[in-house]
Each structure stands twice: as structure tokens, then as C-alpha cells.
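Worksheet: the structure to be examined is printed underneath.
The values are calculated or read from the model by the stated rules, or taken from the named source; none is laboratory data. Because the structure is a prediction, the values reported are computed rather than measured. Cβ placement follows ideal geometry from the backbone for every residue including glycine, while neighbour counts extend to all protein chains displayed.
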Amino acid sequence: MRRKKWIRTVNLFCCLCIITPMLTGCWDRLEIEERAVVLGVSIDSVKSDHSQEEEGEVSHLNNSIPAPNKSLIRVAVQIALPGRIPLGPGESGGGNGPAEKTVWVIDVVGHSIDDAFMNLQQQVSSRLFFGHLRVIVVSESVAKKGLENINDYFRRNPEVRRMAWMMISKGRAIRFMDATPKLERVPTLYLMSTLDEGSRMGKFPKDYIGIFWSNLSKKGQEGFLPYVELKKEQNIEIKGLAYFRGDHLVGITKPLEIAGYLGIKGVNPAGYRVFIQPGDASTAIMTNTTHRKATTKVQIKDNVPHFTITISVELNIEEKLSENIQFNNPAILKQYEKKQEEVSLKFYTDIIKKTQEKGSDIFGFGEYVRGKKPSFWNKNVKSAEGWQKMYKDSTFDIKVSMKLRRIGMKAK
């Protein structure tokens, strides 16, 4: 009897030891009101000498612990105001006055990203929290100098989600933090939804910050980011692809050339429309790409990679610019298909040549060489720098097939 009682006591004690740690889960809690929730970050270069006066000696001392000899950058953040963020669709829509502002924008200068955030934390009572960071906007001038420091800081920060968007801005990036779009009370959410919906509609490939970092780390591929511009009505236009060589911005495409990247990669859905005219202006029609399929094969010819790209595209006719055009004749449809094949062939070729000139393989052709021809890679390429040089000399054979499937509800 005593033995059973002793065993029961031991079992109870073990259960208490197991349960006790689970009851301490809130010991280090931090209420949301005690955090400064950062929704968006912008990064600009600084030209004015007066910015030295803005900088506080928070992470360095000019006399004993000097700062690195680097030019200053201006970092602005959008901080959510507690109780002002809309919680449902009934509360959406643009604000009409200062009383309805949902975010607080504050900017500082620093020698690096961390230095700037240290200066910012010195001015904000609550701890900066990046768990809800959605958008990082970097000015074109900063991107041309290189994103090494920016990538390093945000990749090391465990609070930053890999589903956030990084983008390159035309002009000053801080303007995107102060924007007041009419369709959304939180500017960063409008920026995020512009790119998210653009991906769903086939206007832009999915290129979250995690994907960008992954591409940068590959030996046979370079990264790219959306290139955006703030228009006069505070709306955002996706102006093209900003493509990189390593961490440095080297080129920007036109908006329609985004469709060229999507076509070469075979990304769906397709969301771009183009004019096609086999003759004069009276024969012009507008076609809409609905589906793509692309395959890439690699061979080694004369000790240089040769790629064969086969692209199949399905089209719909969206409109015709003249009532004289008739689509009830299959020969006419074939004529338009052939013309669009000719135009598309030059279109895809020009995009690849543009990236070859900069040594920026955003398509990942180098990864095909690494995967399919490892012995050639190990002997002749070896590194990311080696592929940047060899990509310029690579040759391409592009085959394009167009199929007009639908002509709309009206045939005549």
C-alpha cells in the first residue's frame, strides 16, 4: 500500500515538472501597443552636406569610435498608428484628412542601414518591430551603388518575412512612404497589393524578397526586382524589370518587356496585349496572350553554351481597328499568327541580347548548364563571375509558335 502511494506521488511530481514550464509562456510577452510596427521602409542616397547635422552620434563617436568612411543614406519608415489600421472592408478607402492618418512617416540618416535604424530607435519610444514589414523601396541611385549592405541587414534580421516585396523606385524612394492612394488607407498595403495582384494577372512574375535573395545566391542566375514609379494621382506604375549583376543594378526593361521574360520562362497566367498588323494601320488588331509554354535545352557548341528555346503561346483577339477585317477566313488568322511569330521572335531575342550586354542572366540559363553539363561548368565556368563573362558569348536559337484560339463574340 505504501509502495503504491509512493509511486502515485512520484507520478504526480513528474506531471507537475512537465506542466510547470508550459505555464510560463507569457513571461517575456510584449504587447502590440508597446511595439513600433514598421510596415514599409524606403532608402535614398544623400547628397546635401547639411545631412551631417542630422546625424547623431548613437553608434559611433567622432573622436574615439569613428564611423566608416561611407556616404550617408536616408532611411524612412512607415509606422502603424495603434487603433487606426482598418480591420475590415467596411473601413477601407483613402483618408481625407490628418485625423484619419493610419501611419506615421519618420526619416533619419546614417552610414549604414543598421546605423540609420539605431538613430531612429533613439527617437522612437517603442521598440521597432519588423514582423509586419511588407515593402522595402530602394531608390535607383542607391541600387546602382549596390545592395550589399541592405541585403545583409534584412537577411540577418529574423523578423523580416521572405514574402515581403523589395522594389526599385524611379526618383526618390521616400515619396512612396508619403503617398496617399485613394484605394487604400495604408500606403504600404497598396504597394504590396499592386505587385501581388500584378502577379495574379500576369503583369509581373512572383519575385518576393526571398526569391530575389535566392537568385542572388545562385552561381548561374542573377536577381531582378520590380521597377516602379509614383504617378501624379498617387497611383503606382510597374515600369519594368530592374535587373542586377551581383548586388548592383545594371539595367531596366520597358513595361512590355516584362512579358518577354514571362514568355521565355513560360510563366502563367499571361496578362499582356500587343498590336499586330501584317499590312498598313488598317489591318491592326489587338491580341491578348492567355497561355504560355516554354522549354529550354542546352548544348555545348565550339566550347560555348548554345540554348534552344521553344515557346508556344495561345492568343485571343481583343479588338480590331477596322471594320474591313474579317476573321471568318482561316487564311487570315494564319496570316496574323505568322506575323506575331515574326514580331515575337525579334522581341524575345532583343531581351536576351540586352541582358547579355550587361552580363546579367536573370533567366537562369546558367543553372541549366550547371545541372545538365556539370563537367563543362566545373572545367570552364566554375563561378558566378565566370558565368557572367560566358553568358555574353552564349548563343541562342529561339522557336516561337502562336495559336489564335478565340476571336470573341463578334465575327464580322
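Within segment 237-250, the set of residues being in contact with a helix residue (DSSP H, G or I) (Cβ under 9 Å, 6 or more places away or on another chain) and touching a residue at least 60 places away in the same chain (Cβ under 8 Å) comprises Leu241, Ala242, Tyr243, Phe244, Arg245, Gly246, Asp247, His248, Leu249, Val250. Contact map, segment 149-160: residues that are on the phi < 0 side of the Ramachandran plot paired with residues that are small (Gly, Ala, Ser) and crowded, with 19+ Cβ neighbours inside 10 Å, Cβ distance under 7 Å, separation 6+ or inter-chain. Pairs shown: Asn149/Ser112. Checking the stated criteria, Ser322 turns out not to satisfy the condition of being hydroxyl-bearing (Ser, Thr, Tyr) and either at pLDDT 95 or above or surrounded by 17 or more Cβ atoms within 10 Å (Cβ to Cβ) (or both). Is there a residue in segment 178-188 that is in contact with a strand residue (DSSP E or B) (Cβ under 6 Å, 6 or more places away or on another chain), in contact (Cβ under 8 Å) with a residue 12 or more places away in the chain and under 30 Å from Asn288 (Cα atoms)? Checked segment 178-188: no residue is in contact with a strand residue (DSSP E or B) (Cβ under 6 Å, 6 or more places away or on another chain), in contact (Cβ under 8 Å) with a residue 12 or more places away in the chain and under 30 Å from Asn288 (Cα atoms). Scanning segment 139-179 for residues that are touching a helix residue (DSSP H, G or I) at 6+ places or on another chain (Cβ under 7 Å) and of a type in the set (Val, Ile, Thr), we see that the one that is nearest to Gly246 (Cα to Cα) is Ile150. Take Ser312 and tell me if it is over 25 Å from Gly279 (Cβ atoms) and surrounded by fewer than 16 Cβ atoms within 10 Å (Cβ to Cβ). The answer is no for Ser312.
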